[in-house]
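Inspection log for the structure reproduced underneath, given as structure tokens.
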Amino acid sequence: MKSIHLFFLLAAALFTAGKGSAQVILPSPLSPRITQYQINAELNPDKKTVSGEMTVQWKNPSRDTVSELQFHLYLNAFKNGRSTFLSARRSGLSEEKDWGYTDIISMKTGSGELLTDQLRFIQPDETISPFPLRLPEEKPFPQELYGKDQSVVSVRLTNPVLPDSTVTVTIQFTSKLPKITARTGYSKDFFFVGQWFPKLGVYEPAGMRYARKGGWNTHQFYPNAEFYANHSLYKVDLTVPDEYVVGSGGQLMKETASGGKKTLSFRAEDIVDFAWTASKDFQIAEDQWKNVKIKIMLQPEHFYQAERHSKAVKYALEYFDAHVGPYPWPYVTVVDPPTYGQGAGGMEYTTLITAGTFYLIPEQIRMAEMVTVHEFGHAYFMGILANNEAEEPWLDEGINSYWENRIMDWAYGEKTAMLGFPFVHVGDVEFARISWLGGLTPNLVPTFNNSWSFPRGTYGATVYQKPATMLNTLERMVGQECMDEIFRKYYERWAFRHPSTKDFIRVVNEVIRERGDYKYGPDLDWFFDQFLYGTAALDYSVEGIRVSPAMEKGGLYDESSEKTFLETDRIEDRFRSVVMLSRKGDGIVPVEIRVRFDNGEEILENWDGKDKVFDLIYERKERVVAAMVDPGQKLLLDSNLLNNSFAVKPSAKPALKWAARFLFLVENIMHSLSLIV
Amino acid sequence: MKTISAYIHGAKTAWRSLRLTLFIYLSYLGIALLIAIPFFGLFRSATGNSELADGLMKGFDATIIREILVSKGQMFRVFIQGLFPWLIGFALLQVYLTGGIYSKIASPGGRSNVSGFHKSSIRFFWRFLKLTVYFLIIHILLGLILYLPYLIITGVHTNLTDKQVVVPFLILLTSHLVILNFIFTWSDLVKSAIYEQDSRKVFKGIFRCLKMALRNFFRLYLLGILLALAPAAAAAAYYLLRSGVTVDTTGLIMLFLLIQQMFIMLRVFFRIWRLSAVYRFYLSAINPIFGHGM
């Protein structure tokens with residue numbers, strides 16, 4: 001889709017949203033709507049099941065003749081211990097009622113042809129060929145996890161789907177919800193219903209993302225993996241007992257009640273997944289930002305925190321609108337799960353997100369705000385720009401974490417966004433960096449990796465915090481304006497499509513070239529090669545400063561026909577200062593060095609950062625008293641900031657101040673002991 | 001009236017004991033300096049020639065603290081672990097000095113001399129140490145009684161809301177503070193009894209004084225509250241003062257060091273006030289001459 005066309009659609013959508021007819025939310029589709037779902041389902045709260053019938057239409061987007069459909073049955077990940085999900089997690093659920101599954105009772109085509117017999121579970125990752133990605137080390141899917149998984153099902157079609165043709169399939173299904181696991185299921189009478197219906201995979205025509213030939217892109221459900229789907233139209237009728245309050249990723253179009261039950265008709269346009277929630281306890285708070293209605297579904301004990309949530313959503317809406325692109329839907333719903341359903345917290349379904357908070361949590365601890373901003377951000381990075389979360393998780397989690405950092409620090413303070421107490425505080429950008437480096441092996445594996453390829457304990461730091469820190473570093477290098485331009489272009493070009501990492505980097509390089517700012521070269525491939533595709537560690541250091549009297553360069557010199565001897569004498573009032581720099585990591589980035597002389601003069605030097613050891617030498621009457629690598633603290637990827645500076649005579653004041661504090665602390669502890677003495 | 005007169009008497013005695021306050025403060029300061037001076041050296045050595053720590057002049061900075069701890073955290077860990085024996089030593093010094101404090105507050109007109117102070121300190125050291133151990137056990141038992149059922153219930157019942165977890169905890173915490181006020185005053189009452197009666201029967205003294213404390217519950221409890229007010233007010237005043245100022249120059253560092261030390265000295269003053277007030281309360285409870293009778 002051409003960017004100008006997209007913007008026209010978005011503008012029209014924003015203008016008419018809220019005034020829309022009872023039938024549609026947006027005046028025109030924002031995506032090709034390759035898939036369209038009509039689902040009619042009923043929740044049985046006692047049996048913890050959702051049963052119903054769905055009709056799905058799939059339009060073949062390729063030039064291929066397609067003879068099979070592939071569906072995800074995500075809940076089968078919780079069916080037994082042999083699923084890929086639970087095998088990888090090495091844990092299961094305990095009681096019989098805790099397990100979950102999706103049973104397809106029948107499947108037939110629009111023309112009535114029965115397909116049920118054609119269903120077979122497949123394990124696409126069993127035959128996975130190494131991705132044509134630039135992985136430093138191509139890793140196949142772990143072999144021991146193959147074989148018994150039932151989270152993907154294939155159905156062979158008697159009448160193949162021709163290019164640009166549409167197939168309609170009607171499925172009767174029953175989904176038994178698990179005790180909340182991986183953001184779906186039930187806990188007591190709280191239901192968060194995600195990944196609950198047979199969902200089509202994405203058919204990638206040749207040339208799309210990394211596809212060399214057309215085919216279905218599905219993966220078994222894996223613990224770290226999230227989802228990948230086409231932007232779709234959803235028309236969903238949900239029947240629940242009367243007393244349940246329901247929220248979903250769709251817009252409520254109609255509600256009818258009879259016999260102690262009610263049926264809610266939702267419609268959602270151009271979203272990648274449809275999830276919903278039901279609970280007897282929800283209390284609803286509503287707010288609005290421009291034409292976007294904000295609905296917060298809170299636990300009664302958290303209701304007083306409604307404003308905290310809605311403020312966070314409004315900050316995010318405003319910031320994304322100003323720096324990336326418009327939010328096209330006229331509504332967003334935030335769900336606050338109960339404590340006993342916290343497993344559903346912190347999840348994104350584009351227009352429906354889950355947050356998480358605690359009773360009486362001080363306003364200075366901005367966990368609820370951070371989660372809300374983060375999950376809302378996924379409306380852009382995965383919702384609108386629908387990357388494959390299983391194959392390239394950094395592309396939504398990492399980029400979205402970067403935006404979360406920016407929004408949080410902008411809204412709640414650079415050094416106080418996450419924790420804002422007067423004497424202990426931390427911002428979101430610095431929190432991301434600290435969290436990433438806090439891991440034992442921050443650079444063990446590349447960030448660009450499939451979600452199942454991360455060794456134990458590395459996924460979070462490598463997929464969320466490291467790329468956020470990498471992009472924060474990039475922002476400080478190229479400037480925030482340039483970053484905004486990059487993301488605006490990325491949005492314009494890839495909204496409601498499926499970008500890959502190479503598409504993102506291509507946009508970055510284009511913007512760099514268009515701006516003509518070649519400070520870091522004509523492209524930034526070298527940057528991503530090191531810190532996204534590679535595991536380079538960045539650490540520059542000022543090793544020391546050596547000052548000595550400047551000396552005449554003595555020796556024998558040719559003067560006319562004779563050699564003249566010149567003594568190596570000290571030059572009066574001149575000093576030779578050597579600033580000794582080193583590169584301790586394998587990462588290379590051009591870096592600035594600030595050198596300070598004893599007369600207070602400061603000069604800024606540039607170093608390409610390539611040599612392992614590098615000296616700056618000055619012969620002048622002033623002595624160098626201090627030097628600092630990266631004085632603007634642009635390189636947040638630098639793993640050790642302590643060695644970035646060196647002063648010949650370091651100030652004793654910080655030590656004095658903190659020793660005085662420490663003395664006071666020790667005295668107070670000692671005196672507090674007197675209470676029991 | 002007994003409560004108020006004991007409270008005022010305590011304040012007067014503490015006011016007359018400024019030299020003792022200074023002496024005790026300096027003893028504590030000596031120990032604290034023995035810990036703080038190496039910390040100063042450690043901090044300087046940890047930051048070396050780096051200018052990063054200069055950022056800490058503006059106040060707390062999570063990034064800078066992280067950098068220092070990651071680079072030199074082991075040094076700090078060893079140092080902090082080494083503090084434990086010092087705290088034990090300090091607790092023993094407190095026990096030791098308590099006997100001396102009583103010699104001062106019990107003497108007519110608040111007069112005593114150095115040798116009398118130390119004689120009393122030595123005389124009552126073991127008794128007060130025993131008492132400390134007994135009360136430590138009481139504190140542990142109280143903690144178990146209050147929190148163990150809570151921990152078991154909240155651990156077993158996973159279907160509780162956070163409000164159902166937080167509210168009982170806050171109730172328990174408040175109850176704990178309420179009970180602590182009684183226990184601290186009771187403990188000071190036992191010290192008064194041991195000193196006044198020169199008794200070696202510490203364990204018995206605890207129960208006798210418990211009876212006395214329960215008989216005079218409201219008056220003694222009120223005294224405990226009154227004695228907590230001044231330290232709380234001083235702490236609040238310090239907090240307000242501290243939170244309004246960025247200590248970023250040598251002059252301000254020195255000024256706040258002075259204020260902090262005055263605060264610590266005030267804590268010594270409050271301790272003498274407390275012991276003296278409870279001692280007076282004890283005397284009035286056993287002998288109406290000192291108050292308005294029981």
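Here are the numbers for the structure shown:
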quantity: Calculated Rg and Dmax of region B:12-131 using C-alpha coordinates, Å; calculated: 20.4, 59
quantity: Carbon + sulfur, % of accessible area of region A:439-583 - ligands and nucleic acids excluded, 1.4 Å; calculated: 48 percent
quantity: With eigenvalues of the C-alpha gyration tensor scaled by 5 and rooted, region A:239-363, Å; calculated: 23, 20, 12
quantity: Spin-label zone in region A:566-585 - amide nitrogen under 16 Å from a point set 7 Å from the Cα of A:Tyr557 along the C-beta vector; calculated: A:566-572
quantity: Inter-label distance, nm, simple model (7 Å from Cα along the C-beta direction), B:Leu69/A:Thr109; calculated: 6.4 nm
quantity: Simple label model, 7 Å out from Cα along Cβ direction - A:Glu318 to B:Lys12, nm; calculated: 6.3 nm
quantity: Buried solvent-accessible surface, both chains (A, B), 1.4 Å probe, Å² to nearest 100; calculated: 6100 Å²
quantity: For region A:522-677, accessible area per residue (1.4 Å probe, heavy atoms of protein chains only), Å²; calculated: 48 Å²
quantity: Neighbouring partner chain Cβ atoms per residue of B:88-100, average, 10 Å criterion; calculated: 3
quantity: DSSP H segments from chain B that extend 18 Å or more along their own axis, Cα-based, with Kyte-Doolittle mean of 0.0 or above; calculated: B:18-47, B:62-81, B:83-106, B:114-156, B:162-197, B:202-215, B:217-243, B:250-286
quantity: Estimated vicinal HN-Hα couplings, Hz - region A:313-328 in sequence order (Karplus 6.51, -1.76, 1.60; Gly, Pro = x); calculated: 5, 5, 4, 5, 4, 5, 6, 5, 4, 6, 10, 10, x, x, 8, x
quantity: Apportionment of accessible area to carbon and sulfur, region B:2-291, percent (1.4 Å); calculated: 74 percent
quantity: Cα long-axis angle, helix A:394-412 against chain A (0 to 90 degrees, to the nearest 10); calculated: 70 degrees
quantity: Computed E for A:Thr55/A:Trp526 - FRET, C-beta separation, R0 51 angstrom, nearest 0.05; calculated: 0.50
quantity: Degrees separating the helix A:466-478 axis from the principal Cα axis of chain A, which is the longest one; calculated: 50 degrees
quantity: For the protein assembly as shown, share of DSSP beta bridges that run antiparallel, in % to the nearest 5; calculated: 85 percent
quantity: From phi via Karplus (6.51, -1.76, 1.60), per-residue ³J(HN,Hα) for region A:591-600 in Hz, x at Gly/Pro; calculated: 9, 9, 10, 9, 10, 10, 9, 6, 8, x
quantity: Sequence-distant residues sharing a close amide H with A:Val152 (under 5 Å, placed H); calculated: A:Leu73, A:Ile122
quantity: For chain A: rounded, prolate or oblate by the Cα gyration tensor [a/c cutoff 1.5]; calculated: prolate
quantity: Residue-normalised accessible area of chain B, given per residue in Å² at a 1.4 Å probe; calculated: 50 Å²
quantity: Cβ-derived FRET efficiency at R0 45 Å, A:Glu602 paired with A:Leu675, nearest 0.05; calculated: 0.30
quantity: With Cα atoms, 0 to 90° folded angle of helix A:480-494 axis to chain A main axis; calculated: 30 degrees
quantity: Inter-part distance where region A:595-617 and region A:358-423 are each reduced to a Cα centre, Å; calculated: 37 Å
quantity: Values of log10 I(q)/I(0), in the order q = 0.22 Å⁻¹, for region B:189-294 under a Debye, Cα-only, solvent-free model; calculated: -1.15
quantity: Gain on full stretching of the segment that runs from A:Gln342 to A:Lys261 - 0.36 nm per residue minus C-alpha separation; calculated: 26.4 nm
quantity: Rg followed by Dmax, in Å, when region A:32-101 is reduced to its Cα trace; calculated: 16.5, 48
quantity: Whole-Hz ³J(HN,Hα) from phi, Karplus 6.51 cos²θ - 1.76 cosθ + 1.60, for region A:246-255, glycine and proline x; calculated: 10, x, 8, x, x, 9, 5, 9, 7, 9
quantity: Charged-residue dipole, Cβ positions (Lys, Arg, Asp, Glu), chain A about Cα centre, Debye nearest 20; calculated: 1220 debye
quantity: Protection proxy ranking of A:664-670, B:113-119 - average other beta-carbon atoms within 10 Å, highest first; calculated: A:664-670, B:113-119
quantity: A:Asp242 accessible area, assembled protein chains, probe 1.4 Å, Å²; calculated: 70 Å²
quantity: Carbon/sulfur fraction of accessible area - region A:52-130, other protein chains in place, 1.4 Å, %; calculated: 43 percent
quantity: Cα gyration tensor category, rounded, prolate or oblate, for region A:368-469 with a/c compared to 1.5; calculated: oblate
quantity: Residues in region B:213-256 that a label on B:Leu180 would reach, taking backbone N under 13 Å of a point 7 Å out along Cα→Cβ; calculated: B:228, B:232
quantity: Listed residues A:Ser248, A:Thr333, A:Tyr618: farthest to the positive end of the dipole of chain A (Cβ charges); calculated: A:Ser248
quantity: Those residues of region B:30-63 whose amide nitrogen sits under 19 Å from the label point placed on A:Ser651, 7 Å along Cα→Cβ; calculated: B:40-63
quantity: At R0 = 56 Å, FRET efficiency that the Cβ-Cβ distance of B:Ser199 and A:Phe423 yields, to 0.05; calculated: 0.75
quantity: Convex hull volume per residue for chain B, taking Cα atoms only, in Å³; calculated: 180 Å³
quantity: Rough spin-label spacing in nm, given labels placed 7 Å along Cα→Cβ, for B:Val78 and A:Asn44; calculated: 6.7 nm
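The values are calculated or read from the model by the stated rules, or taken from the named source; none is laboratory data. Because the structure is a prediction, the values reported are computed rather than measured. Note that each Cβ is placed from the backbone with ideal geometry, even for glycine, and that neighbours are counted across all protein chains shown. SASA here: full protein model, heavy atoms, side chains in, ligands and nucleic acids out. Shrake-Rupley method; radii C 1.70, N 1.55, O 1.52, S 1.80 Å.
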